[in-house]
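In what follows, a single structure is set out as C-alpha cells and then discussed.
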Amino acid sequence: MIESENFPSNDEPQVTNIAQVNVDDIHAQSVRMHQADAETISASEVEMEQSAAGTVKATHVSAHQSAMASVDATEFLAHNAATAMVKAEKVSLSGYNGVIVAGTADVRNSISGLVIANDVHVSGSSRTVLLIGQNIHGNVTTLMNTRTALIAGLLAGLFSGIMLLLGQILFKRE
C-alpha cells in the first residue's frame, strides 16, 4: 500500500509486494521489492532485489544488487549492494559502502569509507578508508590508520595555517 502520511500500525498491510514501480512512502509489516524504488520504507521486514530506496527503517533488511541511502535496522544483510549510511546492531554485507555503524559487522569483498563496530569480521578482498573497532578479525586493507590520520590532520592544519598567513600578507589592506 502506498501512503502519503503515517497511519496507525493497525491500518498497515501485512505484506506489500512491489515490482517495477516508483513509490514515495511504504508502511507495512513486510515489504518485498523487485526492480523498484521507494523514497521511504518503514517496515518490520524488508527484502530488496535489484531495487533502490532513500531511507529504510526496519527490524530486518535483506538486499541483493540494491542501493540504499540511509538504513536504520536491527539486522542488515546485503550482497553486491551500494549503501551510503548503515546503522544496525548486526551487519553482513558485500559491495560499496559509505559509513557503517554496527555492533557486529561482517564485511566481505567490500569497499567502505568508514566502518565503526565493536566486532569486525573481514573476509575476501575488503578495503576501507578508516576502520574503528574493538575486535577486528581477518585481513583488511585500510587507507588510513591512527598514525596516518594524525599525520594527515597535522599536515592539513599546517597547510591551512600557511595559506591563511600568506593571504593576510599578500592581501593586506591599508
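The values are calculated or read from the model by the stated rules, or taken from the named source; none is laboratory data. It should be emphasised that the depicted structure is a prediction, and the values quoted were computed from it without experimental measurement. Note: ideal-geometry Cβ built from the backbone for every residue, glycine included; neighbour counts use all protein chains shown.
Quick check on VAL107: is it part of a strand (DSSP E or B), more than 30 Å from SER42 (Cα to Cα) and under 15 Å from the mean Cα position of the chain (by Cα)? Spelling it out, it is not the case that VAL107 is part of a strand (DSSP E or B), more than 30 Å from SER42 (Cα to Cα) and under 15 Å from the mean Cα position of the chain (by Cα). When each of THR74, THR104 is tested for being surrounded by fewer than 20 Cβ atoms within 10 Å (Cβ to Cβ), among the polar types (S, T, N, Q) and within 27 Å of THR141 (Cβ to Cβ), the lone residue that passes is THR104. You will find that of ALA36, ALA43, ALA69, ALA52, the residue that is more than 16 Å from SER92 (Cα to Cα), of a type outside the set (Asp, Glu) and touching a residue at least 24 places away in the same chain (Cβ under 8 Å) is ALA43 and no other.
For the range 127-136, the criterion of being within 14 Å of the chain's Cα centre (by Cα), of a type in the set (Ser, Thr, Tyr) and modelled with pLDDT under 90 is met by at least one residue.
Being buried (at least 18 other Cβ atoms within 10 Å of the Cβ) and either in a helix (DSSP H, G or I) or at pLDDT 95 or above (or both) is true of SER62. Checking THR148, THR83, THR142, THR59 one by one, the residue that is β-branched (Val, Ile, Thr) and touching a Phe, Trp or Tyr at 6+ places or on another chain (Cβ under 9 Å) is THR83 and no other. Report whether or not ILE111 is surrounded by fewer than 18 Cβ atoms within 10 Å (Cβ to Cβ), farther than 15 Å from SER62 by Cβ and touching a Ser or Thr at 6+ places or on another chain (Cβ under 8 Å). Against the criterion (surrounded by fewer than 18 Cβ atoms within 10 Å (Cβ to Cβ), farther than 15 Å from SER62 by Cβ and touching a Ser or Thr at 6+ places or on another chain (Cβ under 8 Å)), ILE111 qualifies. Taken residue by residue, the range 151-159 has no member that is aromatic (Phe, Trp, Tyr) and closer than 27 Å to SER70 by Cβ.
In the set (1) of a type in the set (A, V, I, L, M); (2) under 21 Å from GLY103 (Cβ atoms); (3) touching a helix residue (DSSP H, G or I) at 6+ places or on another chain (Cβ under 8 Å), the condition left unmet by LEU131 is number (3).
For the range 130-150, the candidate set comprises residues that are polar (S, T, N, Q) and part of a helix (DSSP H, G or I); within that set, the residue that is farthest from THR104 (Cα to Cα) is THR148.
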